[in-house]
Amino acid sequence: MNFHAIRAIYNFEMARTWRTLLQSIIAPVISTSLYFVVFGAAIGSRIAQVDGVSYGAFIVPGLVMLSLLTQSISNASFGIYFPKFTGTIYELLSAPVSYREIVISYVGAAASKSILLGLIILATAGLFVPLHIEHPLWMILFLVLTAVTFSLFGFIIGIWADNFEKLQLVPLLIITPLTFLGGSFYSIKMLPPVWHTISLFNPVVYLISGFRWSFYGTADVHITVSLAMTLAFLAVFLGIVAWIFKTGYRLKS
């Protein structure tokens, strides 16, 4: 394992975050804070508790997960697409760096940025609502697993995309709607039976449910199911990345 190469690529990607601090950190935190103001304060004051939790506190895990998913995909997809766009990806592929080290570097940097952002948003949420985390280790586990899993997904999108518009296609048209419909602002138990069943086909439901359970001990699906689904997504994306490097898909042309 070439740790020098991993550290060099990782540090380069993290340095880009500090150069674009306004876009990478400050903007997502401000937009999430607006959700707290609108949903938590304005609307939340008119809604009774959900599963014994105040509405303002109930939406915190969903909002963190919303930012975590979108930022993980965005960071990883842009990180690998830009070298393709400039042509420097071929220098990287011809260097004495294995595919495994490339994935660890780019995905690790994207996941680190997302985890940092998630923790900042959690701290920001504490300014608006009282936070209580019943299972902090489980919370960290879901935070890390989700960040790594969807950074891998973003890595795949960055390799697949052949223009900047496609980088935003999946997050805007698929991930964001699935997150809003996955119980970010409500419990799927509140839905009619038919829509409750349909919601269970939404993969984001399991991520938000498991993450919310780590806060309040309440969830829409059992914690073991949420964890199993998260690990399944991770395995699928790892398999796709392995196939991409094995076949050279969108890398050797």
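The values are calculated or read from the model by the stated rules, or taken from the named source; none is laboratory data. Remember, it's a predicted structure, so these values are computed and weren't measured experimentally. All Cβ positions, even for glycine, are placed from backbone atoms using ideal geometry, and neighbour counts span all protein chains on display.
For Phe180, the criteria (1) in contact with a Ser or Thr (Cβ under 7 Å, 6 or more places away or on another chain); (2) closer than 19 Å to Val50 by Cα; (3) of a type in the set (A, V, I, L, M, F, W, C) hold in every case but one, which is (1).
Given Val103, Val148, Val107, Val97, which one is of a type outside the set (S, T, N, Q) and part of a loop (DSSP other than H, G, I, E, B)? Walk me through it before giving the result.
Details: Val103 fails: part of a loop (DSSP other than H, G, I, E, B); Val148 fails: part of a loop (DSSP other than H, G, I, E, B); Val107 fails: part of a loop (DSSP other than H, G, I, E, B).
Among Val103, Val148, Val107, Val97, only Val97 is of a type outside the set (S, T, N, Q) and part of a loop (DSSP other than H, G, I, E, B).
Residues that are out of contact with any Ser or Thr (no Cβ under 9 Å at 6 or more places or on another chain), of a type outside the set (A, V, I, L, M) and within 30 Å of Ser94 (Cα to Cα) do not occur anywhere in segment 201-220.
Restricting segment 62-103 to residues that are within 18 Å of the chain's Cα centre (by Cα), small (Gly, Ala, Ser) and farther than 10 Å from Gly154 by Cβ leaves a set whose member that is surrounded by the most Cβ atoms within 10 Å (Cβ to Cβ) is Gly62. Figure legend. Inter-residue proximity from segment 220-246: first residues touching a residue at least 24 places away in the same chain (Cβ under 8 Å), second residues outside any helix (DSSP H, G or I) and surrounded by 13 or more Cβ atoms within 10 Å (Cβ to Cβ), beta-carbon distance below 6 Å, spacing 6+ or different chains. Indicated pairs: Asp220/Gly183; Asp220/Ser187. If the condition is being surrounded by 13 or more Cβ atoms within 10 Å (Cβ to Cβ), of a type in the set (Val, Ile, Thr) and farther than 19 Å from Ala228 by Cβ, then segment 173-206 contributes Ile175, Thr176, Thr179, Ile198. Taking the stated definitions as given, is Ser24 over 24 Å from Ser214 (Cα atoms) and either buried (at least 21 other Cβ atoms within 10 Å of the Cβ) or at pLDDT below 80 (or both)? Spelling it out, Ser24 is indeed over 24 Å from Ser214 (Cα atoms) and either buried (at least 21 other Cβ atoms within 10 Å of the Cβ) or at pLDDT below 80 (or both).
Report yes if Ile30 is of a type outside the set (Phe, Trp, Tyr), within 30 Å of Arg212 (Cβ to Cβ) and either at pLDDT 85 or above or touching a His at 6+ places or on another chain (Cβ under 7 Å) (or both), otherwise no. I'd like the intermediate steps shown before the answer.
Details: of a type outside the set (Phe, Trp, Tyr): yes; within 30 Å of Arg212 (Cβ to Cβ): yes; either at pLDDT 85 or above or touching a His at 6+ places or on another chain (Cβ under 7 Å) (or both): no.
Here the answer is no, as Ile30 does not meet what is asked.
Return yes when Ser114 is out of contact with any Cys (no Cβ under 9 Å at 6 or more places or on another chain), under 17 Å from Gly154 (Cα atoms) and among the hydroxyl-bearing types (Ser, Thr, Tyr) and no when it is not. Taking the combined requirement at face value, the residue satisfies it. Condition first: within 24 Å of Glu13 (Cα to Cα) and either modelled with pLDDT under 90 or buried (at least 21 other Cβ atoms within 10 Å of the Cβ) (or both). Can you find one or more residues in segment 124-138 that meet it? The answer is no, given that none of the residues of segment 124-138 is within 24 Å of Glu13 (Cα to Cα) and either modelled with pLDDT under 90 or buried (at least 21 other Cβ atoms within 10 Å of the Cβ) (or both).
Got at least one residue in segment 39-48 being in a helix (DSSP H, G or I) and modelled with pLDDT of 75 or more? Among the residues of segment 39-48, not one is in a helix (DSSP H, G or I) and modelled with pLDDT of 75 or more, which makes the answer no.
Can Gly52 be described as out of contact with any His (no Cβ under 8 Å at 6 or more places or on another chain), on the phi > 0 side of the Ramachandran plot and at pLDDT below 85?
yes
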